[in-house]
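First the structure, in the form of structure tokens, and then the observations on it.
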Amino acid sequence: MESYVSHKRRLWLYVFTALILLFLIVPTIIVIPMSFSSANSLAFPPPGWSLRWYENFFSQDKWLMSSLVSLRTAFGTMIVATTLGTMAAYGLHVGNFSLRGTIYSTLVAPLAIPSILLAIGMFFVYASAGLLNTTIGLIIAHTLVAIPFVLITVTAGFKTYDLSQEMVARSLGASRLTAFLTVTLPQLKFSVISAALLAFIVSFDEVVVSIFISAGEVSTLTKVMFSTLRDDVDPTIAAVSTLMLIIATVPPFVMQILANRKRDV
């Protein structure tokens, strides 16, 4: 027997949900008006409006160089982590061996390990291998952090995919690689694209590991932000945070819209 609860009786639930959303969102979006402030320090509400902090960001080499390092590292991490994570998810999904659970737990373990421990370990390993302050070192480290997100996302996509379609393609003569690329991958494209976006965002926002293994000309944007906050509270930080917020939210939002349109077709 179905029960019906009117919107009026559920009003407290709507208010409670709205308060939780405000609690989660307000601290994030409050930097947006602060980035357009005319004040010489971080202040809210802004006493006036100005684009001076965005001009400051685009006129200083330290911000531009670190942004290029972060973007280069994030793109490299996205490609490597998505490729390895998708391969791991596929292997664990189609494989029939007893250590699948152990391997899966090992691959997602970086999610449970404090970033500071990973950073310290990487620092000593990289010091021995000569990978400190290199873009390749950053990509390898960020890939380690991003792979769990890719693996979880693509594994979820595999759970809704009928593997018999790939088996039909193989029974008609296609190799496993051809069947995967032409039959399986197109049907998992939204999961793979979502995983790639996650890997990009994870790398672009990563700060703890970057502090330990990057410096000088290969400092990431987040490391420069941390150093600036430590040495001097520069409102340019608010402008940088706003730009990072756009990069981190707009692509997933567009991806969600495209996925919804695909689902409605």
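The values are calculated or read from the model by the stated rules, or taken from the named source; none is laboratory data. Keep in mind that this is a model prediction, so the values were computed, not measured. FYI the Cβ positions are ideal-geometry reconstructions off the backbone, even for glycines, and counts take in every protein chain you see. The accessibility values were calculated without ligands, DNA or RNA, using every heavy atom of the protein model including side chains. Shrake-Rupley method; radii C 1.70, N 1.55, O 1.52, S 1.80 Å.
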Within region 137-152, can one find any residue that is farther than 30 Å from G216 by Cα and either free of Cβ contacts under 8 Å to residues at least 60 places away in the same chain or open to solvent by 70 Å² or more (accessible area, probe 1.4 Å) (or both)? yes
Could you list, in sequence order, all residues of region 223-263 that are β-branched (V, I, T), closer than 17 Å to L198 by Cβ and touching a residue at least 24 places away in the same chain (Cβ under 8 Å)? I247
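Is it true that F226 is at pLDDT 85 or above, aromatic (F, W, Y) and closer than 27 Å to F44 by Cβ? Explain how you work it out, then say what you get.
Working: at pLDDT 85 or above: yes; aromatic (F, W, Y): yes; closer than 27 Å to F44 by Cβ: yes.
Against the criterion (at pLDDT 85 or above, aromatic (F, W, Y) and closer than 27 Å to F44 by Cβ), F226 qualifies.
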Filter region 42-64 for residues that are open to solvent by less than 60 Å² (accessible area, probe 1.4 Å) and assigned to a loop (DSSP other than H, G, I, E, B) and give the result. A43, P46, G48, S50, Q60
Limited to region 1-41, what total is found for residues that are surrounded by 11 or more Cβ atoms within 10 Å (Cβ to Cβ) and of a type in the set (G, A, S)? 4
Just one of (1) surrounded by 14 or more Cβ atoms within 10 Å (Cβ to Cβ); (2) modelled with pLDDT under 90; (3) not basic (K, R) trips up E206, so point out which. (2)
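Of all residues in region 253-264 being exposed (fewer than 13 other Cβ atoms within 10 Å of the Cβ) and of a type outside the set (V, I, T), which is modelled with the highest pLDDT?
F253
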